[in-house]
């Protein structure tokens, strides 16, 4: 079972399912084409995809267009179903920074065919995550800066208040569709500025007061 570290602690969290949101920033929805959805698209990644910050992202040889997506990640601390606003807030145990690496050429190809694009999102090392900051150690303002650079060049730079659906609304909505369990992660979507990375590129990014993330493409 994959685990994620807790910042300033020797304890770890065993990861359950990884629920992800697509198009949760209006500007990113626009750059990807199409309309902004009434609620962000929901898809899943597997825990086996995840590696810790500082690791190597292996570029699959069956794709020619690997993209970076930096994301604010929620960690669920207790089981919750059909959550009220208060229950949703209470279910969030902490926060992390994540990378949702995406094979954009495969994603577009599958979309055009009307087929699921799971394989564009699920491949070994396609998710990178920092240690968790417990909610008890940091009170989220909701407007923290989120950014990503590639080889020192700025690619993504936004704030969490640009999300169409905030952390609590996201947990509420997902819990109405599926039970969220202790150890589940929610990748809450990426701001505009996504782009291609190739072997040798170095990614550095972060979210204010939550953490910094690094990865090398190989």
Sequence of 179, 170, 102, 48 once ranked by neighbouring C-beta atoms within 10 Å, starting from the fewest: 179, 48, 102, 170
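For segment 3-217, go through all pairs of different Cα atoms, get the mean of 1/r, take its inverse, and jot down that Kirkwood value in Å. Don't jump to the answer; show the numbers that get you there.
Working: mean 1/r = 0.0585 Å⁻¹.
Roughly 17.1 Å, rounded to one decimal.
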Rounded to whole angstrom, the alpha-carbon centroid of segment 173-211 lies from that of segment 68-120 at a distance of 7
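Give me 10, 79, 184 ranked fewest to most by other Cβ atoms within 10 Å of their Cβ, as a rough exposure proxy.
Values: 10 6, 79 14, 184 24.
Ordered by Cβ neighbours within 10 Å, fewest first: 10, 79, 184.
Counting only C-alpha contacts under 8 Å and six or more residues apart, can you give the relative contact order of segment 3-217 as a whole percent?
Values: 528 pairs, mean separation 70.9, N = 215.
Reported relative contact order: 33 percent.
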If you wrap a convex hull around the C-alpha atoms of segment 125-218 and split its volume per residue, what is the figure in Å³? 120
Computed [θ] at 222 nm, helices only, for the chain once each DSSP H run of length n ≥ 4 contributes -39500 (n - 2.57): -4500 deg cm²/dmol
Starting with the fewest neighbours, write out 101, 178, 163, 1 ranked by other beta-carbon atoms found within 10 Å of each beta-carbon. 1, 178, 163, 101
For residue 30 and residue 113 in one chain, what is 0.36 nm times their gap in residues minus the Cα-Cα distance, to one decimal in nm? 27.8 nm
For a label point 7 Å along the Cα-to-beta-carbon line of residue 85, residues of segment 174-188 with backbone N under 18 Å: 174-176
With each label point set 7 Å from Cα along the Cα-Cβ vector, what nm distance links residue 14 and residue 196? 4.2
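Values in this text are rule-based calculations from the coordinates and carry no lab data. Source: prediction; values computed, not measured. Quick reminder, even Gly has a Cβ in these numbers, built from the backbone with ideal geometry, and neighbours come from all protein chains shown.
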